[in-house]
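Notes to accompany the following structure.
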Amino acid sequence: MEIKINKEIRDYQESIIMGLSARQFFFSAAAVTVAVGVYFTLRKPLGAETVSWLCVLAAFPFAALGFIKYHGMTVEQFAMAYLKQMMTPKGLPSMPDNTYAMALEGTEIGEVLKCD
């Protein structure tokens with residue numbers, strides 16, 4: 001008897017149906033729904049072979065969203081991080097301070113070192 005244990009506890013996924021997590025099952029069901037919708041919508045005008053390829057192309061993004069992670073983030077987490085990054089102001093000003101010159105301001109040495 002062998003029990004699989006993840007090296008990282010955050011990698012644990014609870015299996016809901018057929019070894020899929022709830023997220024993976026939801027996106028798989030969405031992919032099947034889209035494929036069936038494309039098939040029944042375009043079957044008569046385009047023919048079976050063309051529609052079968054369109055079903056695969058239409059279902060792929062939905063299926064991929066359930067399984068692919070980018071830098072350990074799901075699609076929802078990545079979208080929120082991207083939106084947050086886009087909402088933050090760009091080009092924050094950087095004004096260097098010469099602490100030494102400010103400390104010597106008003107002293108004799110400060111007047112000698114001042115270069116205008």
| remark: Per the filter on the stretch 66-95, residues assigned to a loop (DSSP other than H, G, I, E, B) and closer than 20 Å to Ala30 by Cα are Ile68, Lys69, Thr74
| task | Could you please find all residues in the stretch 44-73 being surrounded by 14 or more Cβ atoms within 10 Å (Cβ to Cβ) and of a type in the set (S, T, N, Q)? | result | Ser52
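Coordinate-derived values only; no laboratory data. All values reported here derive from a predicted model rather than from experimental measurement. Note: ideal-geometry Cβ built from the backbone for every residue, glycine included; neighbour counts use all protein chains shown.
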